[in-house]
1. Quick query: amide H of TYR47 versus all other amide H atoms, modeled in the peptide plane; which residues come in under 5 Å with a sequence gap of 5 or more or a different chain?
2. Please list, ordered by chain and number, the residues whose modelled amide H lies under 5 Å from the amide H of ASP90; skip anything fewer than 5 residues away on the same chain.
3. So how far apart, in nm, are the two label points at ASN93 and CYS39 if each is 7 Å from Cα heading toward Cβ?
4. Neighbouring Cβ atoms within 10 Å as the yardstick, rank SER43, SER96 fewest first.
5. Using 1/(1 + (r/R0)^6) with R0 = 25 angstrom and r between the beta carbons of SER101 and SER74, what's the FRET efficiency to the nearest 0.05?
Amino acid sequence: MKSFVKKWLYTSLALSLLFALTHCNKNEEEEPDNADYLCEILSFGFYAEDNADMNLDYPGVINGTNITVALPTSINRNGLVARFEVTLDDVVNAGSTLFESKITPYN
């Protein structure tokens, strides 16, 4: 049991770090800059339909700026495709890489 908790915490920490580096931006072409605008990730998870090596869905829990997904250690984390929803006309970037829900794999 101790090993499971340790692995779960490691997975949660890794995913939190991933999304601390990932952020969403207002699509600049749609609207001028607005200082009061709030960009949010509304939902997030890893789903079997989007990932061939998974046979269960793993929805995330959003708490402020942290997203936690409890993935079993048996799931290979390389190339996972996330499914997410952001506020209208926003985009998600990790550095200069644009991420599209249900499409872009993350390594």
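Read-outs: derived from the displayed coordinates by stated rules, not from any lab. None of these values were measured; they are calculated from a predicted model. When we count neighbours, we look across all protein chains shown, and the Cβ atoms used for this are built from the backbone with ideal geometry, even at glycine.
1. Hits under the 5 Å cutoff: TYR58, ARG83.
2. ASN27
3. Placing both labels 7 Å along Cα→Cβ, they lie 0.7 nm apart.
4. Details: SER43 14, SER96 5.
Starting with the residue having the fewest Cβ neighbours, the order is SER96, SER43.
5. Working: r = 24 Å, r/R0 = 0.97.
Once the sixth-power term is evaluated, E becomes 0.55.
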